[in-house]
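Please read the structure below before turning to the comments.
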Amino acid sequence: MEPVSAALPEKINFSGVGKTFFVRGTEVQALQPIDLAVRAREFVALVGPSGCGKSTLLNLVAGLLQPSEGSVTYDGKPVQGLNFRVGYMTQKDTLLPWRSAADNIGVSLELHCRSVSKAERAERIAAMVDLVGLSGFENHFPGELSGGMRKRVALARTLIYEPETLLMDEPFGALDAQLKLVMQDQLQRITQDRKMTVLFVTHDLGEAIAIGDRVVVFSGRPGRIRAIRDVTLPRPRDVFRMRFSEEFSRLHEELWDELKDEVVKGTDI
Amino acid sequence: MEPVSAALPEKINFSGVGKTFFVRGTEVQALQPIDLAVRAREFVALVGPSGCGKSTLLNLVAGLLQPSEGSVTYDGKPVQGLNFRVGYMTQKDTLLPWRSAADNIGVSLELHCRSVSKAERAERIAAMVDLVGLSGFENHFPGELSGGMRKRVALARTLIYEPETLLMDEPFGALDAQLKLVMQDQLQRITQDRKMTVLFVTHDLGEAIAIGDRVVVFSGRPGRIRAIRDVTLPRPRDVFRMRFSEEFSRLHEELWDELKDEVVKGTDI
Amino acid sequence: QGRPKITAAQAGDGFQFLTQQLAIKAGFFEKEGYDVEIADVGSGPRVVAALMGGSAVYSGLGLINLLNARAQGGELVAVASESSLIDIQLVLSNAAIAKTGIDAAMPIDEKIKRLKDLRISITSPGSSTDTMLRTLLRARSIDPDQVLKVIPTGGGSNMLAALEKGASDGFVWGAPQTLMAANSGIGKIVIDPFKAEVPEVKGVPYIVITTTMDTIKKKPEMVRATVRAMTRAMQFARENPEEAKKVVRPAFAEMDDKVFNQAWDNYYKAIPETPAISREEFERTKTWLNITSKKPLTVGYDESVYGKFADEAAAELLKKK
Amino acid sequence: MTGRSVVSTDQAVRTKAGERRAVLVWQIAFGLGALALWELTGRVFGSTWTSLPSQIAQRLLLWGGTDLFRHVYVTLTEVFVGLALGTVAGVVAGLALGRTQTLALVLRPIIVTLYSVPLVTMAPLLILWFGLEMESKIVLVTVVVFFLMFFNTFAGVQSIDPLLVTTLDLMGATTLERYRKVIAPAAMAWIFSGIKIALPYALSAATTGELLGGSYGLGTLLSRAGSQFDMTGLYTALIVLLVIGILLSEGVAFVENHLLRWRHVAE
Amino acid sequence: MAARSATSMRVRAGDGQPQGGFTALVTSLPGLIIARLLILAVFLLFWEYASGTLISRFWVSAPSAIFGMLVTWFTDGSIWPHLEATLLAMGVGYLIGCGLGVGCGLMLGFLPMVQRIVMPYVSGLYALPKIALAPLLVIILGIDIPSKIALVAITTMFLLLYSTLDGIRDVDRDLVQTLRLMGATRAEIIRKVLIPATLPWIFTGMRVAVRYAFTAAVLGELIAANQGVGYLIEANAGLYDATGVFAGVFIIVVFSVAMTELLTRVEGRRAPPA
Ligand SMILES: Nc1ncnc2c1ncn2[C@@H]1O[C@H](COP(=O)(O)OP(=O)(O)OP(=O)(O)O)[C@@H](O)[C@H]1O
Ligand SMILES: Nc1ncnc2c1ncn2[C@@H]1O[C@H](COP(=O)(O)OP(=O)(O)OP(=O)(O)O)[C@@H](O)[C@H]1O
Ligand SMILES: [Mg+2]
Ligand SMILES: [Mg+2]
């Protein structure tokens, strides 16, 4: 399969988007004005030092925050209020503590706007539970799950209703290396199958390259785009083995150089 | 410097320690009976698939949970009630939302049992803020920090009072790769200087090898110890470069083989 | 069973409502074809609310309460008299008696003069007990607020509690509480209208059966039945006191015999000869009340008293004109 | 809002059956001990004002044969109907105002003002409009419960992690679904706190209402006994009320433990 | 999470997002004041009209008459002793009640077994109507201010006890354990975790309690007193003077609302941001 064609329409567009927070009198610039266009069905991986504004960027797309300058458009229209076209897996998990794992995963299917029959819901939940490897823990409350399991519940909850666009903030951060690979593989499949657009924040440069069509590297706070690289590796990719490919190594080295400076700057060390 | 001598006394001992949770009628075995001895000043890294009982293990050492079988001893005495000798950086951050970053970091120094003077407290907080790269964010409340920043506050809060033993549950999981290296380097220095014993949970095998005196690999749930390897690389280690050493590669490959099987089993895929 | 129900409201409980008790216990309401349910609402204003809201058909209310309410625009009417004597006494604690040297046998003016500086409980401001205390002093040109400490203490057991505790030096109230205080030795009754020593309340009716014109229009039969039942009860008590006593005794099961008998004797003296309220009685009440009123009452007899049922009952049952 | 959010009470709730039995035994022992102490001190120091448990027991038997149950029935009816109406109204208002800034800004002062009116002083109006039967007490109980529930629910809604709400919003939840699936369950701890507080107030409001005017209910028993200086009668009615209060509050605690069971982390 | 909630009655400020129409009008300060005054005016006008037409003035006096009465009371100074008595009983009782309630709440929070055993009895006791307990109160404390203070304190204490207990139950246990592991003593846990985390609950309890404290003071004065706003209300009620009753109630309401608002402001000031 070919990488997503450049002919596909633009899905998300940032033009001159900056964000400044006002904290008790002082200003904290989280994001310097950035320009970025994301095409439909594109899988964009975002990497950058801690605190550089990656989560803020996702929040802007989801409509949870309004930009201080510039404008974010989705399907050509400025994002105003919540953007219901996106599914957002936030950095902090937002499971409903009073619902079991299965009920958390299935909550979106209970909503009127989807009105999925009970039987189908159960089926889809079971498939998702299986996908994220939580069989046997369906009836556990979030408080009774391990950190990684909670993350997986959140992941399943976001994937199950197949939103048009996925915003994922370090979805695999709390997973062990091997499970991470499995999940990357699955995510790649699902988003390809369902023709989803994805904005994917990660701290793992290897992950970004392995899974993204494009990798965007941010500078330290206030965030700016420091580098953008297309990953031209063909899909479907074998995430288990692609690390040994040449292009991967080249890209990794290249981007790592960009990142390295940034981090050291960003942390004042 | 030599790796920690085997002549040092035993600090923490697990003998036949298992843990089973009772969840509304059904039993969930989190940890199969394990035996493990941790010597004073040893840096033990724990890796293993998600949900295999790593956090549970730390909770047992901290006295937050009681083992269902076997016994955990600390300095030869069974852990009963909370174990005040340990500093615990939990997987989930437990910052006090009504305190600023600096006040969160310094909270342990305010306690009677330490009674650190105000001036010294301010000084130590400033040093810690600097160490974790949060200068300029001292007065931000946790709600105003990014995910990685919150983790760093939690880290600083645990390090600042220099507990005898550190329990760290994925402390660097939310940090970008470069910052992670910096932090690993610092942590290594501090724990060596202060002669701390460390139990360190991570999902990053490279991290485990780079920083640990010993790496313990767990099997999938219910957790068992699958492999233990000493890392004989000399200290202080150059975490930025040691990945390229031969021993590192050998250990990584060896342990990765152990881990790989486990994960695939653990997730039922 | 199955009889229509008359709801009666009353403020507090005690011997002032004995006629009603008797009428119920002796079956006079049944005889008229009704059941009665009593709602104790504890205070005058709430009685008025119950009457004007239509939830109570009638109430035994102090005539002075009725006058006060009317003066403010509360449209109540009295239909019959229930007692012809103000059953309110002044009790002083033993300590207060010792201090003031008051003796029940002294002339009333002297007793009143010696009340100086005492703390006297009343039930609540504006109530009959309040009026009684104030008129006693005012009639002798003493300003109660200057000389005394008047403490509203509420009904129920509060008065006795306050007296026993020494939080007050005395209280103004009716039977049986006054008698209880006297018999238990906490204090003595020092002023007692039953001994005819209080000229200004002579011939002043106390409790009158009160309702509203609205109720009289809507439920004339109930009001008439009430007046008739009460009239029968008064007649019964007057003509057959021992029998009547036996009938009401169970309603006061907790009370010891001595108190009950004394209270009964007082009650007996207060039974009116006729349920009708005369113009003179009405005017005397106004005069009494005007002793303390800031502005004289202008309430008229004709608008306040609806005498038809009482006259009928008197004629038919008592053979009186 | 976290799953493991219980400090110390969870240890009590995590009780195995044996522990629960121990608590019950202690509760009963506590009650009996208090009664014994009362009887004893009463006998030693005199009981004009306090009566004695033994006398109360006798009275209870006596009343049990007559219309005690009717009084209890009337009071309980008032309490339950008022509690139901007040809780529903209070929770709905609290949920609505808690989430709607505009509405809250405009309506909150009005609610606070109405809430501040001391209801005892309005008793005549209550009787005027709602009579002497159960209606007036039900209104009283409803009003009392409404405000307590409103304030608690409002505070509960304000305390919800906004991210939980937005997560569901992004999934396309309608307003109703947002309330049903996030806001109401998340505020449940506060709502139950409100119910637990409101319950004794409801009982007290019903009996106070009866004291202020009525012909049936435990409050009437109280006023009747009070005006006849019948201390044993007074305390008997109070004890009955106390027992009802205990049973109801235990019932609520039971329901709460069940509905909020996700807070009890397994051990 | 608990701390996020600290806003309670304070309405969460808009996240700087543009808002239109009515919301924008109301959320601007002058707009808000105007909106509230408008409602007040409409309400008073309706009341003025209703009194004497929809409902007899015998029951509900007109605002103009009430205002006149208030002016008289304040100009001739007759109100001051009453106000003083009520505010004293209320203020002292409220403070004692809050202290006891929070204190007992924290204590019981640490003694789960004791809590389980005594709480049902506490609820049961609070189900008893205070009026019925009047004779006992009079016997124990007399009829002066102390008995009113006691009544207010008891009422307040109950509300605070429950709020504190439920607040403690809602505290993230992990926060407590983190501090415990650092070696915090119980007192330090209370000071540094439990109280800050429970504050939203405590403030809610305190706000709810203001009204009940005033009512308890008034009730105490209704039962037995010769001073206080409650006495004033009762005295006017005894004379069937609705104007006097409403004027007294008005005073209570004004103080009650003012204190509630004050508490809201105080809490809002110390709330941490999200
Ligand atoms: N609500 C807020 N108020 C004030 N400052 C904020 C707020 N949210 C974020 N910030 C600041 O904005 C900057 C960017 O935050 P953001 O969460 O987007 O970082 P990030 O790139 O996601 O970092 P991380 O990798 O650590 O999660 C940070 O410096 C943070 O302190
Ligand atoms: N309170 C609890 N009640 C019931 N089961 C629990 C509880 N805490 C943990 N478990 C179960 O115990 C097992 C081990 O959990 P633990 O948190 O120790 O895993 P972990 O190794 O830390 O995983 P992760 O890497 O995902 O954090 C899991 O299967 C989890 O579901
Ligand atoms: Mg982030
Ligand atoms: Mg874990």
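Worth a mention:
- Those residues of the stretch E:123-142 which are outside any helix (DSSP H, G or I) and either open to solvent by 10 Å² or more (accessible area, probe 1.4 Å) or at the interface with chain D (Cβ under 9 Å from one of its Cβ atoms) (or both), in sequence order: E:A127, E:L128, E:P129
- Helices (runs of 4 or more DSSP H) wholly inside the stretch E:186-274 that include at least 2 residues being acidic (D, E): E:242-269
- Of the listed requirements (1) without any contact (Cβ under 8 Å) to a residue 12 or more places away in the chain; (2) open to solvent by less than 40 Å² (accessible area, probe 1.4 Å), C:A105 misses just one: (2).
- Residues in the stretch A:164-190 that are open to solvent by less than 10 Å² (accessible area, probe 1.4 Å), away from ligand 1 (no atom under 16 Å from the Cβ) and more than 8 Å from every other protein chain (Cβ to nearest Cβ): A:T165, A:L166, A:M183, A:Q184, A:L187, A:Q188.
- Any hit, the stretch A:133-142, residues being among the small types (G, A, S) and in a strand (DSSP E or B): no
- Looking only at residues in the stretch A:63-100 that are of a type in the set (V, I, T) and touching a residue at least 24 places away in the same chain (Cβ under 8 Å), the one that is farthest from ligand 3 (Cβ to nearest atom) is A:T73.
- Matching residues, the stretch D:145-164, being buried (at least 24 other Cβ atoms within 10 Å of the Cβ), part of a helix (DSSP H, G or I) and within 10 Å of chain E (Cβ to nearest Cβ): D:F147, D:L148, D:F150, D:F151, D:N152, D:F154, D:A155, D:G156, D:V157, D:Q158
- Condition check for B:G81: in contact with a Lys or Arg (Cβ under 9 Å, 6 or more places away or on another chain) and assigned by the TED database to the domain that holds B:H252: no
- Cross-chain or 6+ apart pairs with Cβ under 6 Å, the stretch E:245-269 first and touching a residue at least 40 places away in the same chain (Cβ under 8 Å), then of a type in the set (S, T, Y): E:F246/E:S61; E:S256/D:S116
- Residue count, the stretch B:36-71 (criterion: out of contact with any Lys or Arg (no Cβ under 7 Å at 6 or more places or on another chain), more than 8 Å from ligand 2 (Cβ to nearest atom) and of a type in the set (S, T, Y)): 1
- In the stretch B:140-159, residue farthest from ligand 4 (Cβ to nearest atom) [restricted to those that are among the basic types (K, R) and open to solvent by 20 Å² or more (accessible area, probe 1.4 Å)]: B:R150
- Criterion applied to A:E253, A:E258, A:E262 was being open to solvent by 30 Å² or more (accessible area, probe 1.4 Å) and at pLDDT below 85, and the one residue passing it is A:E258.
- Comparison of C:S184, C:S124, C:S128 shows that the only residue that is within 22 Å of E:I145 (Cβ to Cβ), within 13 Å of another protein chain (Cβ to nearest Cβ) and out of contact with any Cys (no Cβ under 8 Å at 6 or more places or on another chain) is C:S124.
- Of the set (1) open to solvent by 20 Å² or more (accessible area, probe 1.4 Å); (2) away from every other protein chain (no Cβ under 12 Å); (3) touching a Ser or Thr at 6+ places or on another chain (Cβ under 6 Å); (4) not hydrophobic (A, V, I, L, M, F, W, C), all apply to B:T197 but (1).
- Check on D:L40, free of Cβ contacts under 8 Å to residues at least 60 places away in the same chain and either part of a helix (DSSP H, G or I) or in the same structural domain as D:I197 (by TED's automatic domain parsing) (or both): yes
- Scanning the stretch C:46-72 for residues that are surrounded by fewer than 24 Cβ atoms within 10 Å (Cβ to Cβ) and basic (K, R) returns a single hit, C:R70.
- Extreme residue, nearest to ligand 4 (Cβ to nearest atom), among residues of the stretch B:160-198 that are touching a residue at least 40 places away in the same chain (Cβ under 8 Å) and under 30 Å from A:G25 (Cβ atoms): B:L179
- Selection from the stretch B:45-88 of residues that are away from ligand 4 (no atom under 16 Å from the Cβ) and assigned to a strand (DSSP E or B): B:E69, B:G70, B:S71, B:V72, B:T73, B:Y74, B:K77, B:P78, B:V86, B:G87
Results for (1) assigned to a loop (DSSP other than H, G, I, E, B); (2) open to solvent by 10 Å² or more (accessible area, probe 1.4 Å), shown as yes or no for each residue.
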site	(1), (2)
C:K116	yes, yes
C:I120	no, no
C:T129	no, no
C:R134	no, yes
C:I142	yes, yes
C:D145	no, yes
C:G155	yes, yes
C:A161	no, no
C:E164	no, yes
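- Filtering the stretch C:87-102 for residues that are in contact with a Pro (Cβ under 6 Å, 6 or more places away or on another chain) and surrounded by fewer than 21 Cβ atoms within 10 Å (Cβ to Cβ) leaves an empty set.
- Output for the stretch B:120-160, where each listed residue is basic (K, R) and either more than 23 Å from A:D169 (Cβ to Cβ) or in contact with a His (Cβ under 8 Å, 6 or more places away or on another chain) (or both): B:R121, B:R124, B:R157
- Looking at the stretch C:33-106, the strands (runs of 3 or more DSSP E) lying wholly inside it that each contain 2 or more residues that are modelled with pLDDT of 85 or more and among the acidic types (D, E) sit at C:35-40.
- Sole exception among (1) away from ligand 1 (no atom under 16 Å from the Cβ); (2) under 19 Å from A:E258 (Cα atoms) for A:S219, by number: (1)
Let's see how each residue does on (1) open to solvent by 10 Å² or more (accessible area, probe 1.4 Å); (2) modelled with pLDDT of 85 or more; (3) not in a strand (DSSP E or B):
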residue: C:V223; (1), (2), (3): no, yes, yes
residue: C:Q235; (1), (2), (3): yes, yes, yes
residue: C:V247; (1), (2), (3): yes, yes, yes
residue: C:A251; (1), (2), (3): yes, no, yes
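- Against the test of being at pLDDT below 85 and either open to solvent by 10 Å² or more (accessible area, probe 1.4 Å) or facing chain D (nearest Cβ under 7 Å) (or both), the options E:P146, E:P120 yield a single qualifying residue, E:P146.
The values are calculated or read from the model by the stated rules, or taken from the named source; none is laboratory data. As the structure is a computational prediction, the values presented were derived from the model and not from experiment. Counting neighbours? That spans all protein chains shown, and the Cβs are built from the backbone with ideal geometry, glycine included. Accessible surface is based on the protein model in full, side chains and every heavy atom, while ligands, DNA and RNA are left aside. Shrake-Rupley method; radii C 1.70, N 1.55, O 1.52, S 1.80 Å.
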